[in-house]
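Participant: Below you'll find the structure I mean.
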Amino acid sequence: MYHAIVFLPLLGAIIAALIALAGARARHPGGPPGIGAENHAHGPVDESHARTAPAPHGAHAVLDASHSEPEALEPPAAGSRSAELVTTVFLFAAMLLSWLAFADVGFGHHDSRVTLFPWIISGELKVDWALRIDTLTAVMFVVVTTISAFVHLYSIGYMEEDPHRPRFFSYLSLFTFAMLMLVTADNLVQLFFGWEGVGLMSYLLIGFWYHKPEANAAAIKAFIVNRVGDFGFSLGIFAAFMMTGALDLDTVFAQAPALTGKTIHFLSWDVDVLTLICLLLFMGAMGKSAQFLLHTWLPDAMEGPTPVSALIHAATMVTAGVFMVARLSPLFDLAPAAQAFVTFIGATTAFFTATIALVQNDIKRIIAYSTCSQLGYMFVAMGTGAYSIGMFHLFTHAFFKALLFLGSGSVIIAMHHEQDIRHMGGLKDKLPLTYWTMVIGTLALTGFPLTAGYFSKDAIIEAAYVSSNPIALYGFGATVIAAALTAFYSWRLIFLTFHGTPHDHHHYDAARESPLVMVLPLGFLAAGSIFAGYPFRELFAGHDVADFFGDSLKFAAGSHLLEEMHHIPLLIGMAPTVMMAIGFVVAWEFYIRRPELPAELARQQEPLYKFLLNKWYFDEIYDFLIVRPTLWLARALWKYGDGWTIDGLGPDGISARVLDVTRGAVRLQTGYLYHYAFAMLIGVAALITWFMFGARAG
């Protein structure tokens with residue numbers, strides 16, 4: 001069963017890739033097309049749907065000119081429907097098996113280790129390719145395969161007119177396989193393989209419409225920023241191997257207590273070994289999960305197709321960092337300083353990205369910043385030692401955040417690929433199914449009572465309140481304030497998109513509900529946004545945690561955090577709900593009752609508004625401190641180091657001098673007899689002169 005869960009997506013990806021290659025060969029039998037012969041402009045512009053958008057006018061054309069590019073006339077690749085069906089059926093089969101595995105492992109406690117084959121054998125180092133099956137793996141099985149299956153189904157309708165659907169579905173399935181390899185990893189090398197695999201597939205899917213410069217730039221940015229985090233992640237793996245002599249998780253965990261109190265000389269400092277290892281590993285999580293300082297790539301990743309945003313950048317890949325910290329909980333539990341840092345970064349991200357989302361206007365970017373914020377909540381839980389609660393929020397968040405992304409895709413299609421919520425309005429009657437499912441997703445995101453988000457999000461805030469972590473109080477305050485901000489920007493999106501009067505009557509009149517193949521996933525995810533909370537509360541945040549997770553999670557000895565959460569003051573327990581209500585009321589006042597208020601407030605607080613609108617100027621700061629100096633140094637090394645010094649004085653310089661000499665010698669060979677006779681006469685005269693004066697001197 002476990003083999004099928006992991007390798008069915010890979011098999012689907014291979015079949016879809018073969019169909020894509022066959023289609024490309026049929027489309028271009030003479031070889032690849034010439035430059036400019038292929039036009040993918042429609043992809044990133046109109047989100048790959050059949051309807052053709054008219055060119056935008058006025059300021060909007062400047063604001064988002066990419067939306068005006070025409071659709072390609074290229075026909076769909078042969079076998080597109082087969083690629084869609086094969087990959088989708090395989091993912092649904094894997095999803096069903098994953099739920100069976102969840103019941104068998106989580107409730108039946110049938111943990112196992114499935115060895116596939118020996119992978120690396122070098123001296124005493126032996127690394128097997130094995131599947132680690134425990135409750136933590138089973139939870140991720142359910143999350144990855146369920147969201148991926150419904151995203152595949154949704155994409156059949158969403159990508160209907162894209163001529164390269166086999167390639168798209170192959171990438172989606174291959175990403176799913178890489179993610180499954182990550183969550184089943186039994187050793188750090190295999191974990192790194194899956195880690196880099198999902199990063200590669202994210203790069204390919206963000207830049208799926210590779211003829212659009214914005215998509216290419218976003219893909220490269222995501223890849224480079226993640227390389228920064230992955231550099232630290234790889235150093236953490238090296239340090240763990242150096243100190244334990246092993247890479248398999250069981251051996252590393254068994255030897256971790258012996259490292260307590262030991263130091264290592266690193267960058268001229270003597271640093272606690274476990275703290276250093278955990279901080280380096282968490283550096284990888286900061287990049288992959290778009291946390292503070294390494295967050296800038298995620299909003300730009302929205303240049304990819306919307307199904308990609310729902311699968312990779314909301315529910316699965318970006319949660320890999322959270323999963324990694326949970327998987328390595330035996331290490332982090334022995335490094336309280338690293339846990340405090342994790343809490344600080346998570347809390348800062350939760351608040352910081354929520355403030356940015358308050359004023360954004362692109363419907364997908366608002367949800368992207370919301371994702372960063374919710375990931376911050378998860379890391380607060382991890383930092384306080386409430387690993388099961390962090391996984392609970394990962395589990396519930398996958399449903400309602402994927403729902404919001406797919407719902408935004410339905411809106412974008414209906415509004416003819418318009419993504420600016422200021423140009424929408426009044427769509428609740430045109431798109432009733434999309435509206436109500438997005439309202440359900442918003443209720444879950446904001447933590448409305450009895451929704452999935454209410455149980456997991458409030459549990460994180462309560463855990464931060466009772467934790468003994470020195471940064472826990474800061475985490476509690478930041479997450480409570482972020483709860484109000486989350487409610488405000490979430491309802492702002494709903495009110496501007498679905499309520500009020502239409503701002504673009506042409507697109508509004510043409511708007512219609514998405515096809516059934518797109519609406520069905522919205523309905524299922526809406527159900528998950530409600531029912532993924534209460535039925536699982538005791539398993540993730542109640543008295544059944546230890547029995548359910550078993551040895552897959554490690555809790556600090558003597559920790560009674562989960563028990564203490566049930567005895568907090570009533571006011572503290574009500575704080576998240578009160579803040580959620582405040583955020584809703586303010587959004588209602590701003591965008592329903594007095595819609596002139598936001599513009600007036602923006603004028604009165606223009607510096608603050610621009611500060612938030614420009615995302616705290618992080619991109620500009622990085623451009624000034626890192627990008628420009630790097631480009632200047634690279635240009636200097638290119639022009640003066642490589643061009644003038646190495647080439648000028650080295651091989652190119654020597655070859656140039658040889659050419660100069662040979663050109664001079666060639667000029668002596670004219671081919672005229674009288675020139676040669678004259679040269680001979682001069683030579684004879686010079687020789688006689690030398691003999692005459694040389695003999696006299698002697």
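Participant: Condition (residue is modelled with pLDDT of 90 or more and assigned to a helix (DSSP H, G or I)) applied to the stretch 562-569: is it met by at least one residue?
Facilitator: Checked against the condition, which is being modelled with pLDDT of 90 or more and assigned to a helix (DSSP H, G or I), the stretch 562-569 yields no hits at all.
Participant: From Tyr474, Tyr489, Tyr508, Tyr465, grab the single residue that is part of a helix (DSSP H, G or I) and within 16 Å of Pro598 (Cα to Cα).
Facilitator: Result of the check over Tyr474, Tyr489, Tyr508, Tyr465: Tyr489.
Participant: Based on what the data block shows, is Phe555 at pLDDT 85 or above and out of contact with any His (no Cβ under 6 Å at 6 or more places or on another chain)?
Facilitator: It is false that Phe555 is at pLDDT 85 or above and out of contact with any His (no Cβ under 6 Å at 6 or more places or on another chain).
Participant: Of the residues Asp250, Asp300, Asp272, only one is acidic (Asp, Glu) and open to solvent by 70 Å² or more (accessible area, probe 1.4 Å); which?
Facilitator: Asp250
Participant: Among the residues of the stretch 1-22, is there at least one that is touching a strand residue (DSSP E or B) at 6+ places or on another chain (Cβ under 8 Å) and at pLDDT below 70?
Facilitator: There is no residue in the stretch 1-22 that is touching a strand residue (DSSP E or B) at 6+ places or on another chain (Cβ under 8 Å) and at pLDDT below 70.
Participant: Does Gly321 qualify as being in contact with an Asp or Glu (Cβ under 9 Å, 6 or more places away or on another chain), at pLDDT below 95 and either over 21 Å from Tyr609 (Cα atoms) or surrounded by fewer than 24 Cβ atoms within 10 Å (Cβ to Cβ) (or both)?
Facilitator: Taking the combined requirement at face value, the residue does not satisfy it.
Participant: So, one more: Is one or more of the residues making up the stretch 456-468 among the β-branched types (Val, Ile, Thr) and open to solvent by 10 Å² or more (accessible area, probe 1.4 Å)?
Facilitator: Yes, the stretch 456-468 has at least one match.
Participant: Looking for whichever is farther than 22 Å from Leu445 by Cβ and outside any helix (DSSP H, G or I) here; the options are Ile264, Ile237, Ile224. Which one fits?
Facilitator: Matching residue, one of Ile264, Ile237, Ile224: Ile264.
Participant: Shifting gears a bit: Answer yes or no: is there a residue in the stretch 35-48 that is at pLDDT below 70, open to solvent by 40 Å² or more (accessible area, probe 1.4 Å), in contact with a Ser or Thr (Cβ under 6 Å, 6 or more places away or on another chain) and among the hydrophobic types (A, V, I, L, M, F, W, C).
Facilitator: No, the conditions are met nowhere in the stretch 35-48.
Participant: Cβ contacts < 8 Å: first residue in contact (Cβ under 8 Å) with a residue 12 or more places away in the chain and at negative phi, restricted to the stretch 606-621; second residue open to solvent by 60 Å² or more (accessible area, probe 1.4 Å) and not basic (Lys, Arg), any location; separation 6+ or different chain. Result?
Facilitator: What qualifies is Tyr609/Leu601.
Participant: Can you name the residue in the stretch 665-683 that is among the aliphatic types (A, V, I, L, M) and open to solvent by less than 80 Å² (accessible area, probe 1.4 Å) and, of all such residues, is modelled with the lowest pLDDT?
Facilitator: Residue satisfying both the conditions and the ranking: Ala665.
Participant: Which count do you get for residues in the stretch 135-175 that are closer than 21 Å to Phe102 by Cβ and open to solvent by 10 Å² or more (accessible area, probe 1.4 Å)?
Facilitator: 2
Participant: Please enumerate the residues belonging to the stretch 184-209 that are among the aromatic types (Phe, Trp, Tyr) and open to solvent by less than 10 Å² (accessible area, probe 1.4 Å).
Facilitator: Trp195, Phe208, Trp209
Participant: I've got another one for you. Within the stretch 627-653, take every residue that is of a type in the set (A, V, I, L, M) and surrounded by 11 or more Cβ atoms within 10 Å (Cβ to Cβ) and give me the one that is farthest from Phe292 (Cα to Cα).
Facilitator: By that ranking, first place goes to Ile646.
Participant: His503 - would you say it is within 18 Å of Ile363 (Cβ to Cβ), open to solvent by 60 Å² or more (accessible area, probe 1.4 Å) and either at pLDDT below 95 or in contact with an Asp or Glu (Cβ under 7 Å, 6 or more places away or on another chain) (or both)?
Facilitator: yes
The values are calculated or read from the model by the stated rules, or taken from the named source; none is laboratory data. Bear in mind the structure is a predicted one, so any value in this text is a computation, not a measurement. In this analysis, Cβ positions are derived from the backbone assuming ideal geometry, glycine residues included, and neighbour counts consider all displayed protein chains. With ligands, DNA and RNA removed, areas are computed over all heavy atoms of the protein, side chains included. Shrake-Rupley method; radii C 1.70, N 1.55, O 1.52, S 1.80 Å.
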